[in-house]
Amino acid sequence: EAQVTQNPRYLITVTGKKLTVTCSQNMNHEYMSWYRQDPGLGLRQIYYSMNVEVTDKGDVPEGYKVSRKEKRNFPLILESPSPNQTSLYFCASSAARDSYNEQFFGPGTRLTVL
Amino acid sequence: AQSVAQPEDQVNVAEGNPLTVKCTYSVSGNPYLFWYVQYPNRGLQFLLKYITGDNLVKGSYGFEAEFNKSQTSFHLKKPSALVSDSALYFCAVRDNYKLSFGAGTTVTVRA
């Protein structure tokens with residue numbers, strides 16, 4: 001089954017404790033992206049990647065890091081989480097690099113930073 | 001920079017009635033427009049998109065959307081709503097490699 005998977009699905013942590021949210025897709029997609037969803041703000045793009053070793057900032061990259069060492073994986077790293085990073089996070093992927101390809105979304109990771 | 005506005009936080013309709021969810025956009029180049037739906041505790045699912053061509057785009061689950069360049073709008077429509085259409089709907093515009101979403105519209109269809 002074609003899918004985007006994220007782990008963990010739920011995470012409660014404390015301020016300053018480094019964490020990684022993994023994202024993996026099995027569709028051989030070149031493009032991958034991370035979003036955060038907050039009430040009343042919709043989804044905002046954090047980082048995206050057009051291919052292996054190619055990443056770029058989205059609209060809200062502060063406090064986050066990403067890497068793309070393999071085509072299928074695109075982990076999101078919070079080096080020193082803060083309470084304002086409490087949110088629902090989605091990973092997504094799409095075929096090729098054409099702007100008109102729709103994205104496939106993972107199930108989401110709900111992060112709470114105390 | 002591109003942006004999307006969904007002027008209604010909530011839309012309530014009776015089952016069987018037409019459903020419209022509004023979206024307006026701003027983009028410097030050609031607009032690539034999308035609608036996604038999010039059911040409770042689920043990720044987003046693609047409904048339909050406009051790239052070019054016919055202004056009326058048909059998508060999944062009986063939804064369609066009308067692209068209007070002069071009004072910079074891309075409203076989502078369904079002729080006859082179902083209770084199962086109750087969900088959170090997002091309009092999005094893609095410019096190069098960035099995808100910008102609206103704040104979302106919660107649709108409630110009552111039986």
_strands (runs of 3 or more DSSP E) within region B:55-111 that include 2 or more residues closer than 27 Å to A:Met50 by Cβ, in contact with a helix residue (DSSP H, G or I) (Cβ under 7 Å, 6 or more places away or on another chain) and within 14 Å of chain A (Cβ to nearest Cβ)_ = none
*asked:* For A:Arg72, only one of the following conditions fails: (1) among the charged types (D, E, K, R); (2) away from chain B (no Cβ under 14 Å); (3) buried (at least 20 other Cβ atoms within 10 Å of the Cβ). What is its number?
replied: (3)
*With the checklist (1) in contact with a Lys or Arg (Cβ under 9 Å, 6 or more places away or on another chain); (2) farther than 18 Å from A:Arg44 by Cβ in hand, flag the one item B:Gly16 doesn't pass.*
(1)
_Filter result for A:Glu102 (of a type outside the set (S, T, N, Q), buried (at least 20 other Cβ atoms within 10 Å of the Cβ) and either in a loop (DSSP other than H, G, I, E, B) or more than 14 Å from the chain's Cα centre (by Cα) (or both))_ = yes
*Residue by residue through region A:1-42, note down the ones that are part of a strand (DSSP E or B), farther than 14 Å from A:Ala92 by Cβ and either in contact with a helix residue (DSSP H, G or I) (Cβ under 7 Å, 6 or more places away or on another chain) or of a type in the set (A, V, I, L, M) (or both).*
A:Leu11, A:Ile12, A:Leu19
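Laboratory data are not the source of any read-out in this text; all were calculated from the coordinates shown. Because the structure is a prediction, the values reported are computed rather than measured. All Cβ positions, glycine included, derive from the backbone under ideal geometry; neighbour counts span all protein chains shown.
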